[in-house]
Structures are given as structure tokens and as C-alpha cells.
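Chemist: The structure is given below, and queries will be raised subsequently.
The values are calculated or read from the model by the stated rules, or taken from the named source; none is laboratory data. The model shown is predicted, which means the values in this text are computed figures rather than measured ones. Neighbour counts run over all protein chains shown; Cβ positions are idealised from the backbone, glycine included.
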Amino acid sequence: MGEKICMEYREFGKTGFKTSVIGMGTYYDPGWIVSAKLFRTRPNLDRHLEAIRVGLDNGINLIDTAELYGSESIVAKAVKGTKRDDLFIATKVWRSHLKYDSLIKACRRSLKNLDTSYIDLYQVHFPNGRVPIAETMRAMEYLVDQGLIRHFGISNFNLPQMIAAENAVRKYEITSTQMNYSIANRKLEADILPHCMEKNIAILPYYPLAHGKLSGDGSWPKDVLSAIMQKHGIKKPTTVALAWLASRWNGIFPIPRASNPDHVRDNLEAGSIKLDDADMKMLDSAFPPR
Ligand SMILES: NC(=O)c1ccc[n+]([C@@H]2O[C@H](COP(=O)([O-])OP(=O)(O)OC[C@H]3O[C@@H](n4cnc5c(N)ncnc54)[C@H](OP(=O)(O)O)[C@@H]3O)[C@@H](O)[C@H]2O)c1
């Protein structure tokens, strides 16, 4: 065990709850999902459990899963022994379960898989044009009223879809959006990022390491990368990628995949690094928005 990293915590949107600035994702891969769902096997279970526990032991309290991933029960196992109130567990409902009754049933299944009485953040995984968003939001509000979820959010919604969802909510507010966002993919900065900043809607960037591409220095301009790593004593390019997201705006909480304990250990480093304006300028011009 190396030295403990001093993890930064920030309020997650308007929830009043402080989560670690770096979270953990638990989507493994399509083959793994097929094994889990069809054959009821969980390849690499021990390694996945250990990876999540390394994060928990070092201050990560934000974990993302989804009914689709087949990993809700792994999260349940990994968090045994951690005080429930200290955790922020986010899961997602699949797009085929967005009708009122179907969404409520899906939520009850996820609660069972997660072995918990409430979900901190329940997210619509993808929009579904065949179900009126008002119906989905009504079900989300019902779940909050019942105490089964604390907050709800969306994922993979473009800005007009996002605004339609916000307008469909009556009593509560949309807490967050989960989107593909990394220094290598800055599309969201054109519209969704400014909108979220204005409304204080948290962003959970998925593919924060561009699905692993940003782990090698081949994807980076070498001079910029080494200047920033040296200045902050950073050990790996992945830390720069995660710190870039977390330094962009306080409402951004990257969720790199937690499947390898060593990688989770590496990624902790980003939880205590704040890049300054000069660093951000250098990185922004090396990776202009496309
Ligand atoms: N809402 C959505 O539609 C959606 C879609 C995709 C993903 N997600 C969520 O976002 C999370 C992250 O996405 P992702 O896992 O696909 O992409 P990612 O975190 O950008 O990249 C994961 C890849 O990077 C590697 N990696 C992680 N840390 C590393 C390190 N320190 N050094 C070297 N390699 C490292 C991982 O390898 P190892 O596995 O070996 O560590 C894996 O191959 C998912 O787990 C899931 O929770 C959401």
C-alpha cells in the first residue's frame, strides 16, 4: 500500500451531498455482460471487487452502474461494510423501461440487485423517442416521493432533449447528465456544458480516458504532457486526463472504469490535483474542441 491520497470532495449538483471528485465506473465490456446475463458467470469477479474496494478505501464514494451492465450486484458486494450514508450510488434504467410502470419495476429490481433501500442517483440511460419524456419524469418523481431514489438524472440526451426533460419535471429538478466527454472529445462544450454550468446540473463524463486511449503518451503532444506532469509531479497521463476534466468546472465528476485495482490506485492521484489556468490553456490548445 502506498501513501494515502487526499481526495477532494465537492457538492454533487444541487444535492447537498459531497462526492469525491473522481468516481468509479463499472461497465466492463459487452462479452462480460453476455456472460453475466446469459450464463450467470461473473468473469474476474474478485479483481472487480478489489478494484472498487481500493477506491472506497481511498475515499472514492461515487460509484456508477446500470441495470444493463450486470454489475449492480458487484457494487452491492463491494460496498458491504461501508456506511450507506457515506456512499453516492448511481445506476441507470435502460431505454426499454421508460414507461411509468416499467420504470418503477426496473427501479425495484435495481434496488434488489444493489441490496439497498434507496438509490442516490437514478439516470435515464438513453432517451427513447417512443415514450413521452413527461411520463418518464412522472415516474422518477414518484420514486423520489416514495424514498426509493434521492435524485434523478439523464444520460446521452442532446441539448433539446435535455431541455424537454427539464421542462417535463414538476416538483424536483434534473440533477445530472452523463455524457461522453474527455480532453479527446470536447463536443459537449458547444452547448451542454454551458447549459449545465448555468443551471448547476452535474456532469458525469463517461469515457473520461477515451476508453483507455489517453493512458498511453502516444495520444498526447509530448511537450505539453511532460511539462504538466513535471510541474505537478504527476505519474501517469491518465491523471492529466482526469484532472483536466475535474479542473474545467466544479460540477464535473469523471467516472473512469474501476476494473483493475492498480488502475484505480493510479486514478486516485487525479482527486487531489488542480490544474491552473496556464495548464488548462496549454491543454486546451493542444486538444482544440472539434
Ligand atoms: N452512460 C453511458 O452511456 C455510458 C457509456 C459507457 C460507459 N459509461 C460509464 O463510464 C465508465 C467509464 O467508461 P469506460 O470504462 O468505457 O471508459 P474509460 O474509463 O475512459 O476507459 C476505460 C479503459 O481505460 C483503462 N484504464 C483505466 N484507468 C487506467 C489507468 N490508470 N492506466 C491505464 N489504463 C487505464 C481501463 O483498463 P482496465 O479496465 O484494465 O483498468 C479501460 O481499458 C463506465 O465504466 C460506465 O460506468 C457510461
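Chemist: Are any residues in the stretch 216-244 among the basic types (Lys, Arg) and more than 13 Å from the ligand (Cβ to nearest atom), and if so, which ones? Steps first, please.
Modeler: Residues of the stretch 216-244 among the basic types (Lys, Arg): 222, 231, 235-236.
Answer for the stretch 216-244, where residues must be among the basic types (Lys, Arg) and more than 13 Å from the ligand (Cβ to nearest atom): Lys222, Lys231.
Chemist: May I ask you to verify whether Thr15 is more than 14 Å from the ligand (Cβ to nearest atom) and touching a His at 6+ places or on another chain (Cβ under 6 Å)? Walk me through how you get there before you give the answer.
Modeler: Working: more than 14 Å from the ligand (Cβ to nearest atom): yes; touching a His at 6+ places or on another chain (Cβ under 6 Å): yes.
So Thr15 passes the test.
Chemist: How about the stretch 245-275: which of its residues are near the ligand (Cβ under 10 Å from one of its atoms) and aliphatic (A, V, I, L, M)? Outline the logic, then answer.
Modeler: First, the residues of the stretch 245-275 that are near the ligand (Cβ under 10 Å from one of its atoms): 254-270.
Ile255, Ala258, Val264, Leu268, Ala270, listed by residue number.
Chemist: Can we say Thr116 is surrounded by 17 or more Cβ atoms within 10 Å (Cβ to Cβ) and part of a loop (DSSP other than H, G, I, E, B)?
Modeler: Details: surrounded by 17 or more Cβ atoms within 10 Å (Cβ to Cβ): yes; part of a loop (DSSP other than H, G, I, E, B): yes.
So Thr116 fits the description; yes.
Chemist: Residue by residue through the stretch 240-276, note down the ones that are closer than 18 Å to Ala210 by Cα, surrounded by 24 or more Cβ atoms within 10 Å (Cβ to Cβ) and not aliphatic (A, V, I, L, M).
Modeler: Trp244, Phe253, Pro254, Pro256, Asn267 - these are the residues of the stretch 240-276 that are closer than 18 Å to Ala210 by Cα, surrounded by 24 or more Cβ atoms within 10 Å (Cβ to Cβ) and not aliphatic (A, V, I, L, M).
Chemist: What do you reckon, is Ser110 small (Gly, Ala, Ser), surrounded by 20 or more Cβ atoms within 10 Å (Cβ to Cβ) and assigned to a helix (DSSP H, G or I)? Write out each step before concluding.
Modeler: Values: small (Gly, Ala, Ser): yes; surrounded by 20 or more Cβ atoms within 10 Å (Cβ to Cβ): yes; assigned to a helix (DSSP H, G or I): yes.
Spelling it out, Ser110 is indeed small (Gly, Ala, Ser), surrounded by 20 or more Cβ atoms within 10 Å (Cβ to Cβ) and assigned to a helix (DSSP H, G or I).
Chemist: Now for a separate question. Under 7 Å by Cβ, and 6 or more places apart or on different chains, what pairs join a residue from the stretch 104-130 that is closer than 14 Å to Met140 by Cβ with one that is acidic (Asp, Glu)?
Modeler: Listed pairs, sorted by first residue: Ala106/Glu67; Ser110/Glu67; Ser110/Glu72.
Chemist: Let me confirm something: among Ile203, Ile104, which residue is at pLDDT 95 or above, outside any helix (DSSP H, G or I) and among the aliphatic types (A, V, I, L, M)? Before you say what the answer is, go through the steps one by one.
Modeler: Values: Ile104 fails: outside any helix (DSSP H, G or I).
Unique residue meeting the criteria: Ile203.
Chemist: Show me the helices (runs of 4 or more DSSP H) entirely contained within the stretch 218-290 in which 3 or more residues are more than 22 Å from Asn180 (Cα to Cα). Show your work before the answer.
Modeler: Working: elements: 222-232, 237-248, 261-268, 277-286.
Counting at least 3 such residues, we get 222-232, 261-268, 277-286.
Chemist: Might you let me know whether the stretch 126-143 holds any residue that is in contact with an Asp or Glu (Cβ under 8 Å, 6 or more places away or on another chain) and either within 14 Å of the ligand (Cβ to nearest atom) or among the hydroxyl-bearing types (Ser, Thr, Tyr) (or both)?
Modeler: For the stretch 126-143, residues in contact with an Asp or Glu (Cβ under 8 Å, 6 or more places away or on another chain) and either within 14 Å of the ligand (Cβ to nearest atom) or among the hydroxyl-bearing types (Ser, Thr, Tyr) (or both): absent.
Chemist: Next question. Scan the stretch 156-190 for residues that are assigned to a strand (DSSP E or B) and surrounded by fewer than 22 Cβ atoms within 10 Å (Cβ to Cβ) and report the count. Break it down stepwise before answering.
Modeler: Taking the stretch 156-190 first, the residues assigned to a strand (DSSP E or B) are 176-180, 182, 185.
In the following step, the residues that additionally are surrounded by fewer than 22 Cβ atoms within 10 Å (Cβ to Cβ) were identified as 180, 185.
Count: 2.
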